[in-house]
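Visitor: Shown below is the structure under consideration.
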Protein chains: 2
Amino acid sequence: MREPTFLVLTALTGGPLHGYAVIEDIAGMTGGRVRLRAGTLYAALDRLRAEGLIEVDREEIVQSRLRRYYRLTGAGEQSLTAETARLRAQATIAERRLRARRIQLGGATA
Amino acid sequence: MREPTFLVLTALTGGPLHGYAVIEDIAGMTGGRVRLRAGTLYAALDRLRAEGLIEVDREEIVQSRLRRYYRLTGAGEQSLTAETARLRAQATIAERRLRARRIQLGGATA
DNA sequence: TTTTGATATGCCGACCATCGGTATATGCTG
DNA sequence: CAGCATATACCGATGGTCGGCATATCAAAA
């Protein structure tokens with residue numbers, strides 16, 4: 001799973017959001033580092049819906065503008081849980097190796 | 001940074017390895033879950049070398065077969081350190097939200 | 001003996017998620 | 001009135017990965 005996809009699932013874990021709100025939530029979550037392009041976001045939503053990881057919660061018309069809310073499904077929650085565990089495991093391995101490396105090499109590398 | 005790239009850098013953090021050994025190390029590191037294709041590995045090595053994150057350590061001929069060893073550069077170590085912090089931060093956010101969700105929804109979702 | 005599998009590097013086309021831009025439309029603000 | 005935020009949606013380009021193939025040596029299995 002790529003980073004934008006992971007972040008979309010994470011955003012929806014907090015409760016149903018419409019597309020644009022997902023972009024905003026991710027921007028906030030990452031301290032402004034990640035701001036998804038519209039193309040990326042709506043393509044990801046379509047794909048995740050086709051995969052059954054999210055589904056349409058409801059649709060609203062606010063100020064004559066459509067808002068389509070999405071929510072995480074049980075499968076989506078499971079998928080995100082597994083992915084998170086994987087991420088954490090990889091981070092732990094990398095950190096352990098980086099620590100060992102710094103002890104051995106003491107900070108001077110090419 | 002994509003997962004295979006991250007894993008290649010992690011593999012080389014433990015010390016110089018030749019290409020095939022990187023594949024083996026990653027396979028072991030991930031409990032057999034990830035076994036990089038030759039195409040992926042050598043393309044990644046070329047790319048990372050062009051970016052200055054790794055460099056050729058030495059070349060050996062063992063049983064008339066070439067072994068080209070790669071090592072992590074200082075830039076590579078920095079890059080992996082930053083990426084690891086990012087991964088950990090994302091995992092933490094996702095875990096916090098998943099926990100909150102389970103408390104609120106109590107385990108029954110669509 | 002032949003063939004399969006492991007070792008080892010490298011090239012190639014295909015796939016597809018993401019990027020970047022554009023289109024459309026409304027409402028608020030400078 | 002121009003620009004920006006909101007909101008969805010489509011499109012071509014990019015690029016990392018996948019999957020397969022080629023090449024070569026050596027050991028083990030059939």
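The values are calculated or read from the model by the stated rules, or taken from the named source; none is laboratory data. This structure is a prediction, so every number in the text was calculated from the model and none was measured. With ideal geometry, Cβ positions are generated from the backbone for all residues, glycine too; neighbour counts draw on all protein chains shown. Each accessible area value is taken on the protein alone, full model and side chains, heavy atoms only, with ligands, DNA and RNA left out. Shrake-Rupley method; radii C 1.70, N 1.55, O 1.52, S 1.80 Å.
Visitor: Within 11 Å of another protein chain (Cβ to nearest Cβ) and under 23 Å from B:GLN90 (Cβ atoms): is that true of A:ALA44 in this structure?
Guide: No.
Visitor: Another question, then. Filter region B:28-49 for residues that are in a loop (DSSP other than H, G, I, E, B), of a type outside the set (A, V, I, L, M) and within 11 Å of DNA strand C (Cβ to nearest atom) and give the result.
Guide: B:ARG35, B:ARG37
Visitor: Still on this model: So in region B:56-110, with the set limited to residues that are among the charged types (D, E, K, R) and not in a helix (DSSP H, G or I), which one is nearest to A:ARG58 (Cα to Cα)?
Guide: B:ARG71
Visitor: Inside region A:61-99, can you point out the residues that are away from DNA strand D (no atom under 16 Å from the Cβ), over 22 Å from the mean Cα position of the chain (by Cα) and open to solvent by 70 Å² or more (accessible area, probe 1.4 Å)?
Guide: Hits for region A:61-99 are A:ARG96, A:ARG99.
Visitor: Quickly run through region A:1-36 and pick out the residues that are open to solvent by 20 Å² or more (accessible area, probe 1.4 Å), among the hydroxyl-bearing types (Ser, Thr, Tyr) and farther than 20 Å from B:PHE6 by Cβ.
Guide: A:TYR20
Visitor: A:LEU9 versus (1) facing another protein chain (nearest Cβ under 10 Å); (2) within 12 Å of DNA strand C (Cβ to nearest atom); (3) out of contact with any helix residue (DSSP H, G or I) (no Cβ under 7 Å at 6 or more places or on another chain): which is the lone unmet condition?
Guide: For A:LEU9, the failing item is (3).
Visitor: To continue, here is another question. Need pairs with beta-carbon distance below 8 Å; first residue at positive phi and within region B:1-24, second basic (Lys, Arg) and not in a helix (DSSP H, G or I); sequence gap 6+ or separate chains.
Guide: Short answer, once both residue conditions are applied: B:GLY15/B:ARG71.
Visitor: Can you name the number of the only condition in (1) away from every other protein chain (no Cβ under 11 Å); (2) surrounded by 18 or more Cβ atoms within 10 Å (Cβ to Cβ) that B:ILE54 fails?
Guide: Here B:ILE54 clears every test but (1).
Visitor: If you don't mind, another one. Checking B:GLY39 against (1) loosely packed, with under 14 Cβ neighbours inside 10 Å; (2) more than 10 Å from DNA strand D (Cβ to nearest atom); (3) not charged (D, E, K, R): exactly one of these is not met. Which one?
Guide: Unmet condition: (2).
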